[in-house]
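The block underneath contains the structure these notes are about, expressed in structure tokens.
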Amino acid sequence: MGISVFLFITLIYYPNVLQDEFNYFTISDQEIIFYDYGDRYQKFKLLFLGNNAPEKHIKLADIKNVRIVGKNEIKKISFPLPFDMMHIYFMGIISMHLNPFGFELELVNGQKIYLSIARDRIYHSEDTSIKATEALNMIKQRMS
């Protein structure tokens, strides 16, 4: 039983929610540093290596276009009453998938990268929107 739960979490659950639930990136005045969620292999490296997983670096000058993608309003979730602990646990995850929000970067080589901030937006919507707009403006100013 324990092995099947581990396999379910490792092979199915985390690879599907990792980018939204545990996304981490930093934006400086020169570059963006982030973890690569591009394919399952990269996601497995993040699961098993944690903070030791390799980071990717993108110089702001290598960005051709950047925009915020997502909905302006947060779609609320309605629950059947009474709801159980499973609903409470998955509420945040469901909200993030119903309300995608993040940066879409298009690089000069044509590659597109999505950096999710959906989790922050669900829990701190006003603050995240303000900071995302500030970061977007900073990136646009420093793009070549």
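The values are calculated or read from the model by the stated rules, or taken from the named source; none is laboratory data. Every value quoted in this text rests on a predicted model; they were computed, and no experiment measured them. Positions of Cβ are generated from backbone atoms using ideal geometry, with glycine treated the same way; all protein chains shown enter the neighbour counts. Areas reflect the complete protein model, heavy atoms only, side chains present, ligands, DNA and RNA absent. Shrake-Rupley method; radii C 1.70, N 1.55, O 1.52, S 1.80 Å.
Quick check: pseudo-label points 7 Å beyond the Cα along Cα→Cβ at TYR123 and LEU136, how many nm apart are they?
So the label points at TYR123 and LEU136 sit 2.3 nm apart.
With the crude spin-label approximation of a point 7 Å out along Cα→Cβ, what separation in nm comes out for ILE12 versus TYR24?
2.8
Considering only protein heavy atoms, with the full assembly of protein chains and a 1.4 angstrom probe, order LEU11, LEU18, LEU47 by accessible area, largest first. Can you show the working numbers first?
Working: LEU11 85, LEU18 15, LEU47 50 Å².
The ordering from most to least exposed comes out as LEU11, LEU47, LEU18.
Using a Förster distance of 30 Å, how high is the FRET efficiency between SER4 and ALA53, based on the Cβ-Cβ distance and rounded to 0.05?
Using R0 = 30 Å, I get an efficiency of 0.70.
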